[in-house]
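The values are calculated or read from the model by the stated rules, or taken from the named source; none is laboratory data. This is a predicted model, so every value here is computed, not measured. Neighbour counts run over all protein chains shown; Cβ positions are idealised from the backbone, glycine included.
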Amino acid sequence: MSFNGFVKILFRNWRTKVIEQLKSGLSSMISDVDGSVSSKRVVTFLCVGAMLVTWAANLFWGFQITEFIFEGLMYIIIVGLGVATAEKFTRKGGSTPTDVNVSSITDKVM
């Protein structure tokens, strides 16, 4: 085996590992606490991407975006990240509102 063949095999294996790590990292970023894909996180990542594209267009090509569109994207990102953070602190398999016994709570209050 020549040196070039060895380098090609090594690079192909490295590239495959990097691609797999990127896929698993992206999958874990958009997954919620239960491991399913969260639409809130997908929308947040899409808005971050749109904001980065508009920033680059403004910076390099002089494209002007109206202020209310930029603020709308910003608010969607802030709310999306806040909700995703709140989701992370919920317990897996926690009690749902239907599982809570309301009468025991009201007895303790009164």
Reported set for the range 62-110 where residues are more than 24 Å from the chain's Cα centre (by Cα) and either small (G, A, S) or modelled with pLDDT of 80 or more (or both) is G62, F63, Q64, I65, T66, E67, S95, S103, S104
Restricted to the range 35-52 and to residues being among the polar types (S, T, N, Q) and not in a helix (DSSP H, G or I), the residue farthest from V79 (Cα to Cα) is S36
Exactly one of L22, L59 is part of a helix (DSSP H, G or I) and loosely packed, with under 10 Cβ neighbours inside 10 Å, and that residue is L59
